[in-house]
1. Given the options Ser179, Ser220, name the one that is of a type in the set (Ser, Thr, Tyr) and at pLDDT below 75.
2. Among the listed residues Phe108, Phe96, which satisfies the condition of being outside any helix (DSSP H, G or I), touching a helix residue (DSSP H, G or I) at 6+ places or on another chain (Cβ under 7 Å) and under 18 Å from Lys244 (Cα atoms)?
3. Could you pull out the residue among Val295, Val302, Val330 that is touching a Pro at 6+ places or on another chain (Cβ under 9 Å) and either closer than 17 Å to Leu115 by Cα or at pLDDT below 90 (or both)?
4. Scan (1) closer than 19 Å to Thr109 by Cα; (2) touching a Pro at 6+ places or on another chain (Cβ under 9 Å) for the single condition Asn246 breaks and write down its number.
5. Starting from residues that are surrounded by fewer than 15 Cβ atoms within 10 Å (Cβ to Cβ) and modelled with pLDDT of 80 or more, keep the ones in segment 3-16 and report whichever is farthest from the chain's Cα centre (by Cα).
6. At least 3 residues that are surrounded by fewer than 23 Cβ atoms within 10 Å (Cβ to Cβ) and either acidic (Asp, Glu) or without any contact (Cβ under 8 Å) to a residue 12 or more places away in the chain (or both) in each: list the helices (runs of 4 or more DSSP H) lying fully within segment 250-336 that qualify.
7. Which pairs turn up if I take residues in segment 173-184 that are closer than 13 Å to Leu249 by Cβ and crowded, with 17+ Cβ neighbours inside 10 Å and look for partners that are modelled with pLDDT of 75 or more and polar (S, T, N, Q) with beta carbon separation below 7 Å, at least 6 apart in sequence or on another chain?
8. Taking the condition of being under 19 Å from His285 (Cβ atoms), of a type outside the set (A, V, I, L, M) and in contact (Cβ under 8 Å) with a residue 40 or more places away in the chain, how many residues in segment 117-159 meet it?
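The values are calculated or read from the model by the stated rules, or taken from the named source; none is laboratory data. Treat the numbers as computed from the prediction; the structure is a model and nothing was measured. Here the Cβ is made from the backbone with ideal geometry for all residues, glycine too, and neighbour counts use every protein chain on show.
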Amino acid sequence: MILSVLLLLLALLIVYLAAEVFTNALEHIGERLGVSEGVTGSIFAAVGTAMPETIVPLVAILAGGAAESVNHAVGLGAILGAPFMLATLSLGMMAFFAGRKRGWNTSFTPEPGGLKRDLSVFMLAFGLVIAAALVPESWRSVKVIFAIALFLTYFSYLLKTIRASRRLVADGHATEADSPLYASRLIGDSTWVVILQSLFGLMLLVLGARMFVDGVEQASALFGVSALVIALLVVPVATELPEKVNSILWIRRGRDTLAFGNITGAMVFQSTIIPAVGMLLMPWHFHDIHASVAVLFALLGVSWLWLVSRGKWFRPLPLLLNAILYMLFVALIIFY
């Protein structure tokens, strides 16, 4: 048990340090490319930090243990758990740290067009994900059509985000690095050094997330938790750590567009590309009550963010409700 706790603490330290290295490199990449904070946060950071939660379900489905049902349960839980975790706990944690650092009455000011686009695409894509689960498994061709639609949805999202970049840069939303490139103190600050630092940070993020998964799995084995529950709660907590830490670092610095874009952009990626792959590789249905509730709470969390962001209550305190949704889900796991 002590070793499991030490492993968890070491993994958390690695993730935090890796996120610092990674976000610093991303800011310099975005600055050198002359793109908006929306592109840097919603595409570069979101896709980069989504690699751990992309890898986990693929490994579970394609190279898991001997029991295929367990592999599919872990894969489904990891896929559904990612957007659920981001829409609830991640947003709540970001709001908490923003309130502690900047004050509870401080308004969030992300670029509104990008936030609206991210939330709209997520709701559309997640609707397709839910609809595909209602289709009988024997209708494989229909599942393939849903998967293709999700791939096309993300491709369209990329185009819209990139096209909006030039106008946003002209309006003062260009990416600007907060501090010098960390690696420049050792080997200079050329473009290749920026790329190497970003790859190094991403590698550490994946390593830290993987270590965290191993540590939590060892600890959770003492309580006899099912594979789907572990995948819904344990795997996303670890794999979403990069998004949480990156967004917390940015929100504390007042970089709201980057902070929200990192989370909402990851949600778009995880409601399109990853579920589409899952539909093609395994049975796609939500028969378990925990999976269904996770999907419902993810929709509630995003709907609440959409509602709050349209009014004067776009502040840290209301978004703490998203974290409460996560706590309710944990209570459901414990008592149901």
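1. Within the list Ser179, Ser220, the selection yields Ser220.
2. Within the list Phe108, Phe96, the selection yields Phe108.
3. Val302
4. It is condition (2) that Asn246 fails.
5. Leu10
6. Result: 289-309, 316-335.
7. So the pair list comes out empty.
8. The qualifying residues number 4.
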